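Notes to accompany the following structure.
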Amino acid sequence: MDQRTDNERRQEAPPGRERRPAIALPRKPQAWIDWMARRRRAVLVVTALIIAAIVAITVWWINTSGYETTDDAFIDARTVSISSQVGGAIVDVPVTDNQMVEAGAVLVRIDDRDYKAQLDQAKANIANIDAQIAAQQARIEQAEKQSAESQANLTFAQQQEARYTELVQKGAVTVEQAQQYASGLRQAQANYSAAQANAIATEKQLPVLRAQKEQTEAQLEIAETNLSRTAVTAPEAGRVVRLTAAKGNYAAVGQALMMFVPRNIWITANFKETQLRTVRPGDPVDIEIDAFPNKKFKGHVDSIQAGSGTAFSLLPAENATGNYVKIVQRVPVKIVFDQPPDVLLGPGMSVVPTVRTK
C-alpha cells in the first residue's frame with residue numbers, strides 16, 4: 001500500500017516533466033480573512049446596525065431614566081357652589097351656562113323690596129334714637145341747672161338760719177322768726193337732694209339710649225348686608241356651570257343656584273410611591289392633555305401630598321385586620337402650569353404629565 005502523503009505524490013513528476021516546488025496549504029486564519037474580505041459590505045452593514053442599536057439603547061436609557069410619567073392624572077380646581085344667602089324670588093339671571101365671568105359680576109338678582117324696607121326702618125330707628133339722645137342731653141343740662149339753683153338756695157337758707165339763730169339769742173328777733181328760717185333751711189336741703197337725684201337719674205338714662213343706638217346700628221348693618229346679598233356675585237373669575245337658577249323661582253337660604261369653576265386650575269397626578277424617589281417640587285413637567293393631543297404644555301411640580309390618597313379617603317384602608325396584601329400606593333402630586341392655558345380646560349379632564357427629574 002502506498003503510504004506516501006499527497007504532497008510527496010505531487011512532488012513526483014512524470015517522465016519528461018520538470019519537478020515543481022510544492023505549494024503550502026493556506027492556514028485557517030487566512031481563510032477567515034479572505035471570507036471577510038469577500039463579504040466586506042455585509043460585514044460593514046452588520047457592524048453599523050450593531051453600533052446603531054447600541055447608540056439607540058443608550059439614548060433611550062438616558063432619556064427614560066430621568067423621567068417619571070403617569071396616566072392617572074386629571075385637571076383639578078376648587079369648584080364653588082353658588083347659593084343664596086337670603087330668601088326671595090329670583091327676578092333676573094344675567095348669565096348663562098358655561099359663560100366666562102369676571103370677579104364681582106352679578107350672577108343672580110333676588111327681589112330686594114323687603115330688604116330695602118328693612119333698611120329704611122333701621123335708618124329711621126337710628127334717627128329716632130339720635131333725637132332721644134339729644135333730648136336726654138337737654139334734660140341732663142336742665143337737671144344740672146336745677147341742682148345748681150337748689151344748691152344756691154340751700155346756701156342762702158343756711159346763712160339765714162345761722163343769722164336768725166344768733167339774733168334770737170340776743171333777743172333781737174322772735175323765736176317764731178328763727179323757726180321759720182330753720183324750716184326754710186330744711187326745705188332747701190330737701191329741694192337740693194331732690195335736684196341731685198333727678199340729675200343723676202337723668203344722666204343714667206343716657207347710656208341706655210346709647211346702647212339702644214348701638215343695637216339699632218347693628219340692625220342697620222344687618223339690613224345693609226341682606227340688601228347687598230340680593231345680588232349674588234362671582235367670587236372670582238371663572239365659568240358658570242350646572243346653572244339651575246331661573247327667573248321667577250324662589251331662592252331659599254342656602255339653596256344651590258349654580259356651580260362655579262374658577263379660572264385658576266392645576267393638575268393632580270397620582271404617581272406610584274415608587275416613582276417619587278427623585279421627584280421634587282420645582283421639577284419641570286411636560287403636559288399632554290387628551291382633549292388636545294397636538295398641543296404641548298409646560299408646567300412644574302408645585303407640591304407632593306404628605307400621604308397616599310387612600311389615607312384621606314372616606315373609608316381608609318385598615319391593614320391591622322384580616323389578611324394583608326401589599327399594594328403599591330399612589331400619592332397625589334400637584335402640578336401647576338407655567339403659563340395659563342390658551343384652551344378651555346375643566347376639572348376631570350384626563351392628562352398625561354411627564355416629570356423631568358434630571
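Would you work out the charge dipole size for the stretch 269-330 about its Cα centre, treating the Cβ of every Lys and Arg as +1 and the Cβ of every Asp and Glu as -1, and quote it to the nearest 20 debye? Working shown, then result.
Details: 8 positive and 7 negative charges, 31 e Å.
So the dipole magnitude of the stretch 269-330 works out to roughly 140 debye.
Any idea what angle helix 175-228 forms with the longest principal axis of the chain, computed on alpha-carbon atoms, 0 to 90 degrees, nearest 10?
Approximately 20 degrees, to the nearest 10.
Summing Lys, Arg as +1 and Asp, Glu as -1, what charge do residues with Cβ under 13 Å from the Cβ of I126 carry, I126 excluded? Mind showing how you got there, number by number?
Working: positive: K123, R210, K213; negative: D120, D130, E214, E217, E221, E224.
Taking every Cβ under 13 Å from that of I126, the sum is -3.
Could you give the spread of the C-alpha atoms of the stretch 247-349 along their three principal axes, from largest to smallest, in whole angstroms?
Result, largest extent first: 58, 40, 23 Å.
Cα axis of helix 40-65 to longest principal axis of the chain: angle in degrees, 0 to 90, nearest 10?
In the chain, helix 40-65 runs at an angle near 20 degrees to the longest axis.
Could you calculate, for the stretch 51-203, the ratio of the Cα radius of gyration to the Kirkwood radius, expressed as Rg to Rh? Please report the intermediate quantities before stating the final value.
On the way: Rg = 44.8 Å, Rh = 25.9 Å.
Using Cα coordinates only, the ratio equals 1.73.
For S84, what charge total do you get from the other residues with a beta carbon under 13 Å from its beta carbon, if Lys and Arg give +1 and Asp and Glu give -1? The partial results should precede the final answer.
On the way: positive: R109, R229; negative: D111, D112.
Its environment carries a net charge of 0.
Rounded to a whole number of µm²/s, how large is the Stokes-Einstein D of the stretch 113-228 at 4 °C and 1.567 mPa s, given Rh as the Kirkwood radius over C-alpha pairs?
On the way: Rh = 17.8 Å.
The calculation lands on 73 µm²/s.
Could you give the nm distance between label points at Q151 and S313, where each point is 7 Å from its Cα heading toward the beta carbon?
If labels sit at Q151 and S313, their model points lie 8.4 nm apart.
Compute the length gained on full extension between V91 and I200: take 0.36 nm times their separation in residues and subtract their Cα-Cα distance, giving the result in nm to one decimal.
Details: separation 109, 0.36 × 109 = 39.24 nm, distance 5.48 nm.
Length difference between fully extended and current span is 33.8 nm.
Could you pull out the trypsin sites (Lys or Arg not before Pro) across the stretch 266-296 that fall in loop regions by DSSP (anything but H, G, I, E, B) with no more than 11 other Cβ atoms inside 10 Å?
Numbers: sites: K272, R277, K295, K296; in loops: R277.
Loop-located and lightly packed - R277.
Dividing the convex hull volume of the alpha carbon atoms of the chain by its residue count, what do you get in Å³ per residue? Present the calculation step by step, with values, prior to reporting the outcome.
Numbers: hull volume 155.7 nm³, N = 358.
Hull volume over Cα atoms, normalised by residue count, gives 435 Å³.
Give me the one-decimal nm value for the distance between modelled label points at I62 and Q99, 7 Å along each residue's Cα-to-Cβ direction.
5.6 nm
From the helices alone, meaning DSSP H stretches of at least four residues, give me the mean residue ellipticity at 222 nm for the chain, per-run term -39500 (n - 2.57), in deg cm²/dmol to the nearest 500. Please report the intermediate quantities before stating the final value.
Working: 5 runs with 155 residues, N = 358.
Estimated from H runs of four or more residues: -15500 deg cm²/dmol.
Rule-based calculations on the coordinates, nothing more; no lab input. The structure displayed is predicted, hence computed values, not measured ones. All Cβ positions, glycine included, derive from the backbone under ideal geometry; neighbour counts span all protein chains shown.
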